[in-house]
Every structure is written in structure tokens, then in C-alpha cells.
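The values are calculated or read from the model by the stated rules, or taken from the named source; none is laboratory data. Predicted model, so just to flag it, every value in this text is computed and none were measured. Heads up, the Cβs are rebuilt from the backbone with ideal geometry, glycines too, and the neighbour counts pull from every protein chain shown.
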Amino acid sequence: SGVLLWFREDLRLADNPALNAAVSSGEPVTALYVLDEETRGPRRLGGASRWWLAQSLRSLKADCDRVGLQLAIRVGKSRDVVTKAVEEAGVGRVAWNRRYAEAETKIDAELKDRLRKDGLEVESFNGRLLHEPWEVRSKSGGALKVFSPFWRAATARGEPRAPLPKPTKAKLKAGKALNGNSIDELGLEPTKPDWADGLRETWEPGEAGARKALTTFIDEGLKGYAENRDRPDLPATSRMSPHLRFGEVSPHQLWHAVEQARSEGSASARDVEKFRAELGWREFSYHLLHHFPELATKNLQERFDDFPWPTPDPAHRRAWRKGLTGYPIVDAGMRQLWTTGWIHNRVRMIVASFLIKDLLIDWRDGEDWFWDTLVDADPANNAASWQWIAGSGADAAPYFRVFNPSLQGAKFDPDGTYVRAFVPELEKLSARWIHAPWEASREALEEAGIELGKDYPKPIVDHRAARDRALAAFETLKAKG
Ligand code: FAD
């Protein structure tokens with residue numbers, strides 16, 4: 001007897017339904033993580049995510065040791081590694097929390113079948129979402145393609161369950177220890193060059209880091225969240241996204257933590273509701289991914305398949321990636337991404353709109369760059385959000401909504417604090433010009449020590465002309481209906 005617990009996108013001990021069930025069974029538990037880069041199908045993690053994963057596994061391993069849970073980390077095809085581990089550990093049961101990207105669900109379904117044929121018990125749980133994507137349905141039983149009705153239907157299902165406790169050493173019966181690889185051997189971290197300094201300075205991956213970040217948010221950001229969440233210059237959002245991505249925290253824990261803050265009087269009902277609705281966007285993205293598995297590569301609205309994307313200008317693409325477009329809010333965002341692996345949501349929208357509409361580069365190009373550079377790169381949220389900005393997605397922003405980067409900057413970063421933090425060339429430029437340095441007088445630029453075109457780029461495209469070009473291209477779709 002014994003249970004094999006397979007950790008995947010749920011790298012935590014608290015509120016972990018599969019672990020909880022394994023421990024409650026009273027049988028000895030052995031834990032496994034598989035780095036599978038061999039099975040064909042799953043999308044390979046991007047560079048920033050690989051860095052995060054290494055740190056998160058280190059933290060998980062230490063936490064497991066503390067409660068007496070044996071965790072082995074192995075490399076190879078999930079199917080083979082899990083089957084072998086089952087034999088070696090001599091267990092009769094396997095437990096895991098579900099994944100939702102199609103290639104992964106396929107692996108899991110096949111493995112489940114095979115293990116059951118071998119006479120094992122296999123149980124899967126929901127450790128990742130407030131509602132399973134198939135549980136929220138339209139009246140006719142299908143997918144919901146618009147957020148508001150989706151969220152109404154989801155919340156009507158009732159209060160998400162309370163978080164489950166973390167197993168204690170006293171409760172946990174240790175199973176047979178399996179040998180495995182050391183995390184250093186996995187090749188997840190950059191060496192030459194080591195570009196991860198900015199990530200190390202910004203984040204503390206792992207369950208304890210997630211808990212600290214949540215406490216900081218509840219103490220400092222939640223109050224006023226509804227009002228300030230669009231301001232990249234304020235520490236107003238939770239920054240829980242990478243922790244959620246790797247399952248170091250569950251949405252249930254967040255759902256209940258913010259309500260507790262409200263009941264203690266430290267947040268308003270409006271702040272709590274707004275924050276929960278953002279978790280709702282994550283649920284909605286997973287709902288879309290479940291119903292449209294090709295979310296990251298195929299336009300949800302087929303008419304967008306005919307969009308006349310010109311051949312991308314490599315100089316434009318490079319300028320966008322490096323944060324050298326000459327539009328300060330865009331450049332600050334892209335440099336925040338490069339140094340910290342994260343961008344504020346409002347700025348994600350601005351930089352995405354700029355790539356798609358000002359530069360007329362296919363949204364998939366941007367989705368791919370984000371996939372490689374974000375620490376929270378998520379198969380559902382990233383793809384759904386890019387399609388939303390492109391206008392090709394479900395419930396998408398209308399295609400004619402083209403963000404004006406300088407107006408957006410002035411509105412959401414009014415003093416230029418955010419731009420100055422990431423674009424030091426503009427540090428001395430006054431708030432009046434910081435979002436449109438090309439409009440500044442020669443004296444203002446001289447005073448700030450900036451020569452445009454030398455110290456900081458001139459705009460690589462003229463926004464107004466680019467907007468007209470984009471709208472003309474989008475008009476061709478309208479004609480097709
Ligand atoms: P908070 O405001 O504190 O929100 C709490 C949580 O709600 C987030 O951690 C996240 O899990 C969820 N959430 C918030 N906004 C959204 C949203 N619009 N869509 C889905 N979930 C949301 N989010 C990712 O987690 N991974 C991605 O790869 C990703 N790519 C994006 C790409 C683009 C072009 C855009 C416009 C948005 C993207 N987002 C992505 C959504 C959003 O920007 C981030 O979730 C958010 O900025 C994370 O910061 P936070 O944790 O402080 O958010």
C-alpha cells in the first residue's frame with residue numbers, strides 16, 4: 001500500500017487537495033515531480049518560467065523535508081517516469097491535481113487509463129481553479145464567451161470551498177524514498193550569460209514567498225485596490241500571478257484571505273469584489289482554454305484569419321522587445337518585463353496594443369515573447385489576454401480601440417514615476433513631457449540632459465499615422481463580416 005503524490009502545477013503543501021487526500025488516507029506517501037521535456041505536445045516553458053520553477057522546486061523540497069514528505073525530482077517522459085516510480089515505491093494509489101492545457105490533459109488521461117489497467121487507483125483533484133471550466137455553462141450547456149455572464153454563472157454556483165490545512169509531520173506517514181535528480185542538474189537556470197539578477201532581486205518564489213507577498217498586499221495594497229489597480233506607479237496590485245501560475249498559492253486561499261481582511265475592517269467590499277473579479281478573469285481564461293485548446297495559436301474569431309498582417313519589420317520588433325520605441329510608457333513596460341519578468345496589467349495592455357496596432361505585428365509574436373520572458377507566463381491568461389487586445393478573442397476589446405501611449409501614460413502614471421524607474425535616460429525630464437518627449441521644447445530637453453535620437457530614441461512610428469493604418473487594415477475584416 002501507499003500513495004504516490006505527483007506534484008505538477010501545484011507546488012505547495014497548504015490547500016493542496018491531492019496531498020490532503022493522500023495524507024488523510026493514512027497510507028504512507030511518496031512525492032514526485034517530473035521535468036518532462038521529452039513528451040511531444042506540451043509547450044516548453046520559457047526562460048523566465050524555467051528560472052522560477054527551479055527556485056520553486058527548491059522551496060518545495062525544503063518544505064517537504066520539514067514535514068517528512070519524501071520528494072524525488074526526476075527527468076523524462078511523464079508516462080515512463082510515473083510508471084517506474086509507482087513500481088519502485090510499491091504504491092497502490094496515485095493522486096494529482098488537474099492541469100488544463102490540452103497536451104497535458106492528454107498525457108494525464110492516458111496515464112490514468114494505463115495505471116488503472118495495471119490495477120492501481122488513480123485520483124485527480126481540482127487544486128487550481130475556483131470552478132472547473134466545464135462546470136460553468138451557458139443555458140444551452142456550452143461555453144460562455146463573454147466575461148460578465150461567465151462570472152455571473154460562476155459566482156451563482158456558490159462560495160468556493162475553504163482552504164485545506166497544510167499536513168503536519170505528526171499526521172503524515174512517510175512513504176518509500178525514491179532517488180532523483182538535484183535541482184542544479186535540471187538545467188533550468190541561466191548560466192552564461194546569467195540574466196536572472198533582476199528576477200532574484202524582485203521575487204521570492206515558493207510557498208513561503210507567496211504567503212509573504214499576500215500579507216504585504218493585504219496590508220498595503222488591497223485597501224483602495226478598486227481605485228488604484230490601474231496605476232503602475234503605485235504598489236496597488238497583489239503580484240500573486242507567478243505564485244498562482246506555479247500553484248504556490250491557490251485561488252481559494254486568495255478568495256478567502258481578502259474576505260477576511262474585509263471582515264476585519266481593513267478593506268472595503270468594493271475592493272474585495274474587484275479583486276475577486278480579477279481572479280474571475282483567470283477562471284474565464286481557463287474556461288476559454290478548455291473549450292478552445294488552440295487559444296495561443298488560433299484566432300478565436302475566424303474572420304481574423306484573413307487579417308492582412310504585413311511582414312514584420314525586424315527593427316520595429318527589436319525596438320519593442322528592448323524598450324526602445326521612443327514611447328516612454330511602452331519602453332518602461334518592456335524594460336520592466338526584461339529586468340523583472342513581470343509587467344503591470346495596464347502597461348501589458350498598452351505594450352500589446354502598441355505591438356499589434358501601432359507596429360501591425362501579429363499578436364502571436366507578442367504572446368510568444370511574453371511566454372519566454374514573463375515569470376507568470378500562463379497558457380490560459382497570456383493567450384486569452386493577447387487575443388482580447390488584438391480583438392480576435394472572445395469578449396474582445398473592439399479592434400478600433402487603439403491605445404494612445406502618451407495619453408495612457410499621462411493618465412495612469414501622472415508624475416512619470418513609473419517611467420523614470422525603468423527608463424533612467426528620462427529621469428530628469430519634467431512630468432509635463434515625460435510621456436511625450438518629442439513634444440518638449442529644446443530648452444526642456446537640454447535642461448534634462450537629453451538629446452532625442454541620441455540619448456533616447458525618437459518615436460519609431462507616428463502614432464496617429466500608425467493608428468490610421470491599423471484601422472484601415474481592420475476595416476478589411478469588417479467588409480468580410
Ligand atoms: P492582480 O491585479 O493582483 O490580480 C490578481 C490575480 O488575478 C492575478 O495574479 C491573476 O492571476 C488574475 N488576473 C488579473 N488580471 C487578469 C487578466 N486580465 N486575465 C487573467 N487573469 C488576471 N496574467 C498571467 O497570470 N499570466 C500571463 O501570462 C498574462 N499575460 C498577459 C498578457 C497581456 C497582453 C495582458 C494584457 C495581460 C496578461 N495577464 C497575464 C493578465 C494580467 O496582466 C496579470 O495577471 C496581472 O498583471 C498580474 O499582476 P497581479 O498578480 O498583481 O494582479
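Some values worked out for this structure:
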read-out	value
Subset of the range 128-163 [among the aliphatic types (A, V, I, L, M) and buried (at least 19 other Cβ atoms within 10 Å of the Cβ)]	Leu129, Leu130, Val136, Leu144, Ala154
Those residues of the range 284-316 which are within 11 Å of the ligand (Cβ to nearest atom) and either under 14 Å from Gly391 (Cα atoms) or surrounded by fewer than 22 Cβ atoms within 10 Å (Cβ to Cβ) (or both), in sequence order	Ala296
Test: residue in the range 206-215 that is within 12 Å of the ligand (Cβ to nearest atom) and either among the charged types (D, E, K, R) or out of contact with any helix residue (DSSP H, G or I) (no Cβ under 7 Å at 6 or more places or on another chain) (or both)	no
Condition check for Ser266: in contact with a Leu (Cβ under 8 Å, 6 or more places away or on another chain) and among the polar types (S, T, N, Q)	yes
Selected residue (only one of Arg40, Arg8 is more than 27 Å from Thr202 (Cβ to Cβ) and basic (Lys, Arg))	Arg40
Sole residue being polar (S, T, N, Q), assigned to a loop (DSSP other than H, G, I, E, B) and more than 16 Å from the ligand (Cβ to nearest atom), chosen from Ser430, Ser392	Ser430
Test: residue in the range 321-332 that is among the hydrophobic types (A, V, I, L, M, F, W, C), farther than 27 Å from Ala103 by Cβ, free of Cβ contacts under 8 Å to residues at least 60 places away in the same chain and in the same structural domain as Pro437 (by TED's automatic domain parsing)	no
Unique residue being buried (at least 19 other Cβ atoms within 10 Å of the Cβ) and touching a Lys or Arg at 6+ places or on another chain (Cβ under 9 Å) when the list is Gly206, Gly187	Gly206
Among the residues listed as Val122, Val91, Val86, the single one being out of contact with any His (no Cβ under 9 Å at 6 or more places or on another chain) and in a loop (DSSP other than H, G, I, E, B)	Val91
The range 332-349: number of residues that are part of a helix (DSSP H, G or I) and touching an Asp or Glu at 6+ places or on another chain (Cβ under 9 Å)	6
Matching residues in the range 335-349 - criterion: being farther than 16 Å from Phe403 by Cα and out of contact with any helix residue (DSSP H, G or I) (no Cβ under 6 Å at 6 or more places or on another chain)	Trp338, Trp342
Out of Ala296, Ala352, sole residue that is under 25 Å from Ala101 (Cα atoms), assigned to a loop (DSSP other than H, G, I, E, B) and outside the structural domain of Met240 (by TED's automatic domain parsing)	Ala296
Helices (runs of 4 or more DSSP H) (entirely within the range 206-283) containing at least 2 residues that are acidic (Asp, Glu) and outside the structural domain of Asn97 (by TED's automatic domain parsing)	207-220
Complete set of residues in the range 362-389 that are within 9 Å of the ligand (Cβ to nearest atom), of a type outside the set (A, V, I, L, M, F, W, C) and under 19 Å from Leu244 (Cβ atoms)	Glu367, Asp376, Asp378, Pro379, Asn381, Asn382, Ser385
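Listed here are the residues, each with its yes/no results for (1) in contact with a Lys or Arg (Cβ under 6 Å, 6 or more places away or on another chain); (2) outside any strand (DSSP E or B); (3) small (Gly, Ala, Ser).
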| position | (1), (2), (3) |
| --- | --- |
| Asp10 | no, yes, no |
| Ala14 | yes, yes, yes |
| Ala18 | no, yes, yes |
| Thr30 | yes, no, no |
| Pro42 | no, yes, no |
| Ala48 | no, yes, yes |
